[in-house]
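Here, each number is a calculation from the coordinates, and none is a lab measurement. Note that the structure is a prediction, hence the values are computed from the model and not measured. Cβ atoms come from the backbone with ideal geometry, glycine included; neighbour counts cover every protein chain shown.
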Amino acid sequence: MKRILITGALGQLGSEIALALRNKYGSDNVILTDIRTDVNKDLIKAGPFEILDCRDGKALHGIVEKSKVDTIYHLAALLSATSEANPALAWDINMNGLFNVLEISRQSGCAVFTPSSIGAFGPTTPANFTPQDTLQRPTSMYGVTKVAGELLCDYYYHKYEVDTRGVRFPGIISNVTPPGGGTTDWAVDIYYEAIKNEKYTCFLKGDTCLDMMYMPDAVQAAVKLMEAPAEKLRHRNAFNVTAMSFSPEDAAAYIRKYIPNFKLSYDVDPVRQGIANSWPNSLEDYAARVEWGWEPKFDLEKMTIDMLSVLSKRFGKPVF
Ligand code: AKB
């Protein structure tokens, strides 16, 4: 049976990957770590949990050895807008955290999943159907750490045979744990505000198209890639994956099918708009499909129906 450690386990992605892995491998075999304890208390209570700052390599090593960990899902990182507001902290957390995870994995023989992002691309990357192997010259600090992270993971694979794997996640939409500090956070907020207030003020321009994915597909991507036979993987760090590409106007049009009075207005944040403008409009994810069977289940319509039905029940505001 696998022994898995997750860093950043209480965050948007971590909290749902943690649940999926605990269901699959048993709660006792999935050790959650995070710097906080004030959120997702049910997850903390349901199995092993340790307070951990991934920049503390000694503490991380101690948990890996004590719990006989063989696989690390390294999800602790600052997202794009927070990274741009504090580039030094972003470098410290995103790079030193990853370096510690890789070093400990080299010493203890762990496999490592690390998410990269569409943020690893930049304004000189082909913007439409962005290929798997292409120019990567990002202009945000988040992007710099993501490209450096991809290269570092490749380095540990080639030099030390650490089984490193990763995907370039687009914006992830979920209704469990909110994201924080990302450029794509609007795509979550718009559904909450549509249900709660029938209106939303977006911080990106209405025609800004970005890749997105619903959380069940994101969880599936991480778990499926980590279970893929190694000999099938030609790429490792990191695979393009996408499920849909849409703009605030597109999302609003789908929401209006169920909430006809929904109003979308704008208060554009130049920093996040600048980051979004430097990212691709849509990715091509052929390598992931061929090498490990990536296949998303949710498009914009299916996701909109699911988001609205979950949130309408939660907030007692029926829309269907
Ligand atoms: C962000 O907006 O920073 C993230 C990402 C696309 O990596 N959601």
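Counted by Cβ distance under 12 Å from Thr208, the other residues give a net charge of -3, where Lys and Arg count +1 and Asp and Glu count -1. Entry note, segment 49-116: relative contact order of 45 percent, from Cα contacts under 8 Å with a spacing of 6+ residues.
State the extension gain, in nm to one decimal, for the chain segment bounded by Val290 and Tyr155, taking 0.36 nm per residue of separation less the distance between their alpha-carbons.
So the extension gain works out to 46.2 nm.
Summing Cβ point charges (Lys, Arg +1; Asp, Glu -1) relative to the Cα centre of the chain gives a dipole of roughly 560 debye. The relative contact order of the chain, computed from alpha carbon pairs under 8 Å that lie at least 6 residues apart in sequence, is 18 percent. Distance between the pseudo-spin-label points of Glu50 and Glu249 (7 Å out from Cα toward the beta carbon): 5.1 nm.
Placing +1 on the Cβ of every Lys and Arg and -1 on the Cβ of every Asp and Glu, with no other charges, gives segment 85-187 a dipole of roughly 100 debye about its Cα centre. Remark: segment 189-202, residue by residue, has Karplus-estimated 3J(HN,Hα) of 4, 4, 6, 4, 6, 4, 6, 6, 10, 6, 7, 8, 9, 8 Hz, where x stands for each Gly or Pro and the curve is 6.51 cos²θ - 1.76 cosθ + 1.60 at θ = phi - 60°.
Each of Ser309 and Asp267 was given a label point 7 Å from its Cα along the Cα-to-Cβ line. The distance between the two points is 3.4 nm. Check segment 177-320 and count each lysine pair with an alpha-carbon distance under 23 angstrom, considering only pairs eight or more places apart or from different chains. Final tally of qualifying lysine pairs is 27.
Among the trypsin sites (Lys or Arg not before Pro) within segment 220-277, those in coil by DSSP and having at most 13 neighbouring Cβ atoms inside 10 Å are Arg234, Lys257. Across segment 57-65, computed HN-Hα scalar couplings (Karplus, 6.51 cos²θ - 1.76 cosθ + 1.60, θ = phi - 60°) run x, 5, 5, 4, 4, x, 5, 4, 5 Hz from first to last residue, x flagging Gly and Pro.
Segment 1-51 and segment 76-155 have their alpha-carbon centroids 22 Å apart.
For Ala76, the residues whose modelled amide H falls within less than 5 Å of its own, excluding neighbours fewer than 5 places apart on the same chain, are Thr7, Gly8.
Among Val310, Val69, Val241, the largest mean-square fluctuation in a Gaussian network model of the chain, built with springs joining Cα atoms closer than 10 Å, belongs to Val310. Less than 5 angstrom separates the built amide H of Ile31 from those of Ile4, Leu5, Ile6, all sequence-distant by 5 or more or on a different chain.
The residues packed around Ile35, meaning those with a beta-carbon under 12 Å from its beta-carbon, carry a net charge of -3 if Lys and Arg are +1 and Asp and Glu are -1.
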